[in-house]
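Everything on this sheet refers to the single structure shown next.
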Amino acid sequence: MADILSRLQTDTTFLKNIIDDVKKGEIKIPQFQRKFVWKEQQALDLLDSIANNYPIGSLLLWRTQVKLATERNIGDFRLPETDDLTPTDYVLDGQQRITVIYSCLGAPDTETGFAVVFDLQKNVFQPKPDQHNALSFPLRWLYETTKLLDFRTGLKTYPDHETYQTRLDALIAAFTNYKLPVVTLKDLSIEEVCPIFERINSSGTKLSTYDLMVAATWSQTFDLNDETGKIATALEPKGFGTIDPNTLLKCLAAVKFASIKKDDILALRNVADEMDALVDDTSSALLKAVDLLSTEFRIHSWDFLPYEALLIVITYAFSKAHGLSTDQLKRIRIWFWRAAFAERYRVGGENFVTNDLKVVLNFVTEGLGDSADLGVPPSREQVANTIFRINNSRARAFVLSLAVRRPRNITNGASIDTAEALSIFNKKQFHHVFPRAHLRRIEAPEEHNSIINICMLTASENNSISDDDPKEYVPECVAKLGDSADAVFQSNLLPPPSDFDYTIRTYADFLASRSAIVSEYIARLCEGDIH
């Protein structure tokens, strides 16, 4: 900390100096900054604060000769190029304010973009009108002496010219004398800048590792944003087009360094000359991983992946082993279901996942290690106590385990298109066997939203059952299904009607019976015997 403080410079500077540095290209917006998002009123409020000499916060700049990918524009205005020897001040905090200041005070009057006038009659700032108003002073003339003096002289033709001139003079004095606090971090590394940005940034925007790497690996021939965009496009048909870019970055680091630790992810910038080949290798392994997830585990959407780590580990495995034998495929099933149901990656973070890359690879490819070390299937009680929520990893695993069985509608026996049902989370594709409204009516004390109370059912059939009592709708379903009733119910891991009388059994009875069925099925999945 003391070393960083010695490289921190604080100062105050006139707005004109900030504008001049922007024009010269010495202040730039790094690509990891968000786009200009302020609303019109926020910009007007900022100008009003300056006019009243109110503090508007400080700017945080990072001065370095490290060349990062930068936004070529500030707002709507294109910035000049600078040579590689010139130190650059990258804006870490204050982008929105600098954009407003430059757009309203520094941009050429002929340029498009957000422009503001000061209405001398109403004594307020307003967006520049389409029609010229002789009593509205364009702020872009503030530092253009000839235009400013001509405008001031022209005010003499108005009866209240002294009032207007006084207001204009006060406005000019306020803006030309206003000083903005500037904190400059000099010659810090990317690793040192990241936590400072995250803590000081008043906008609340988090600087992610991916954002840093976009800037740090950029060159005239390589743009990480473009490459990850291509990968996401390739994954779109598999339902993984919305994959988090940070996950893609972890996959790159896993393939290159067998690690997803932050230091190793940042080290990718040191192999810039290898990035094209690395992206190709990772993309190939990632596509194979997604194919496996969709065909073997019925995962047709990023939303249903129990853990990000599962995709990263499988991608790493495919980068080392380009194909899987029958035995290896069985072992990957063992690891997947144990990891998902035992919540293996709920804690542990990057160090745990990094260690697992080689552990899982050795287990899958060579059969090394004990499967029990990969996770223990949940007990019947743990299964029954799992709440059906899409952000619950064990609930996601349960939904996938149902999909593996190729379930059928309990209402008519029709096969359910699990690819459609699991392409996007839609509650209407899942049915509470004992509807919650019914359970509330009878004041059942047990958990109403347990995964044990969930089966798959197409939306149209779900609507037909609605909130009916199982004692009423199940017998109707059984009658329609005839001899296939048991098989249809069992496809959804439901107690078969021949063994479980839904007309007389209670909700507590149902939970107990189905918990036994589900927990036994999960145990078999975790042995790799079901696919």
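Can you give the FRET efficiency for Ala487 and Asn351, using 1/(1 + (r/R0)^6), R0 = 60 Å, r = Cβ-Cβ distance, to the nearest 0.05?
That gives a FRET efficiency of 0.80.
Hey, rough spin-label estimate for Ile390 and Asn270, points 7 angstrom out along Cα→Cβ, what's it come to in nanometres?
Going by the 7 Å Cα→Cβ label model, 4.1 nm.
Relative contact order (percent) for the chain, with alpha-carbon contacts under 8 angstrom and 6 or more residues of separation? Don't jump to the answer; show the numbers that get you there.
Working: 761 pairs, mean separation 63.2, N = 531.
Relative CO of the chain lands at 12 percent.
What number, rounded to the nearest 500 deg cm²/dmol, is the helix-based mean residue ellipticity at 222 nm of the chain, given -39500 (n - 2.57) per DSSP H run of at least four residues and division by all its residues?
-14000 deg cm²/dmol
Charges at C-beta only: +1 for Lys and Arg, -1 for Asp and Glu. How large is the resulting dipole of region 220-376 about its Cα centre, in Debye rounded to 20?
520 debye
Test of understanding: ordering Met275, Met213 by Cβ neighbours within 10 Å, fewest first, what list do you get?
Lowest to highest Cβ neighbour count: Met275, Met213.
For Ser325, put the label point 7 Å out on the Cα→Cβ axis and report which residues of region 357-392 keep their amide N under 15 Å from it.
Of the residues in region 357-392, 362-368 have backbone N under 15 Å from the label point off Ser325.
Please arrange Val22, Val404 by counting, for each residue, the other beta carbons lying within 10 Å of its beta carbon, fewest first.
So the ranking, lowest neighbour count to highest, is Val404, Val22.
Which whole-Hz couplings ³J(HN,Hα) result when phi for each residue of region 309-317 is put into the Karplus expression 6.51 cos²θ - 1.76 cosθ + 1.60, θ = phi - 60°, listed in order with x for Gly and Pro?
Result, rounded to whole Hz: 4, 4, 5, 4, 5, 5, 4, 4, 4.
Only four residue types carry charge here, +1 at the Cβ of Lys and Arg and -1 at the Cβ of Asp and Glu. Report the dipole size of region 434-511 about the Cα centre in Debye, rounded to the nearest 20.
Numbers: 6 positive and 14 negative charges, 34 e Å.
The dipole of region 434-511 has a size of about 160 debye.
List the pairs from Lys28/Lys256; Lys261/Lys330; Lys230/Lys256; Lys330/Lys480 whose alpha-carbon separation is above 27 Å, in the order I gave them.
Correct reply: Lys28/Lys256; Lys261/Lys330; Lys330/Lys480.
Specify the inter-centroid distance of region 428-448 and region 319-397, based on alpha-carbon positions, in whole Å.
31 Å
For the chain, with only Lys/Arg (+1) and Asp/Glu (-1) charged at the beta-carbon, what is the dipole magnitude about the Cα centre, in debye rounded to 20? The partial results should precede the final answer.
Values: 58 positive and 72 negative charges, 85 e Å.
It works out to roughly 400 debye.
Relative to the longest principal axis of the chain, what angle (0 to 90°, nearest 10) does the C-alpha long axis of helix 275-296 take?
30 degrees
Report, in degrees rounded to the nearest 10, the 0 to 90 angle that the Cα long axis of helix 470-481 makes with the longest principal axis of the chain.
Helix 470-481 and the main axis of the chain meet at about 70 degrees.
Under 15 Å from the Cβ of Ile504, count the other residues' Cβ atoms, weight Lys and Arg +1, Asp and Glu -1, and hand me the total.
Charge balance near Ile504 sits at -3.
Going by how many other beta carbons lie within 10 Å of each one, how would you line up Lys156, Lys28, Lys128, fewest first?
Sorted ascending by nearby Cβ count, the order is Lys156, Lys128, Lys28.
Would you tally the net charge around Asn351, using a Cβ to Cβ cut-off of less than 12 Å, leaving Asn351 out, and scoring K and R as +1, D and E as -1?
So the environment of Asn351 carries a net charge of -2.
Using +1 at the C-beta of Lys and Arg and -1 at the C-beta of Asp and Glu, which of Asn462, Pro55, Ile517 has the Cα lying farthest in the positive direction of the dipole of the chain?
The listed residue farthest towards the positive side: Pro55.
What is the distance, in nm, between label points placed 7 Å from the Cα along the Cα-to-Cβ direction at Ala512 and at Asp373?
Taking the simple label geometry, Ala512 and Asp373 are separated by 4.0 nm.
Which one, (1) 165; (2) 209; (3) 201, gives volume of the Cα convex hull per residue in Å³ as derived from the coordinates shown?
Only one listed value fits the structure, namely (2).
Can you list residues whose amide H is under 5 Å from Val116's amide H, if they're 5+ apart or on another chain and H is modeled 1.01 Å from N?
Hits under the 5 Å cutoff: Lys128, Leu139, Arg140.
Need the list of lysines near Lys128 for cross-linking: C-alpha distance under 17 angstrom, and skip anything on the same chain fewer than eight residues off.
Hits, sequence-local ones excluded: Lys39, Lys147.
Rounded to the nearest 10 degrees, what's the angle between the helix 224-235 long axis and the longest principal axis of the chain, both from Cα atoms, 0 to 90?
The angle comes out near 30 degrees.
Run the numbers for Thr12 and Gln65: contour at 0.36 nm per residue of separation, minus the present Cα-Cα distance, in nm.
Contour length minus the Cα-Cα distance gives 16.8 nm.
Express the relative contact order of region 93-165 as a whole percentage, based on alpha carbon pairs under 8 Å and six or more residues apart in sequence.
For region 93-165, the relative contact order is 25 percent.
Each reported figure results from applying straightforward, stated rules to the coordinates on display, with no laboratory input. All of these numbers come straight from a predicted model, not from anything done at the bench. Here the Cβ is made from the backbone with ideal geometry for all residues, glycine too, and neighbour counts use every protein chain on show.
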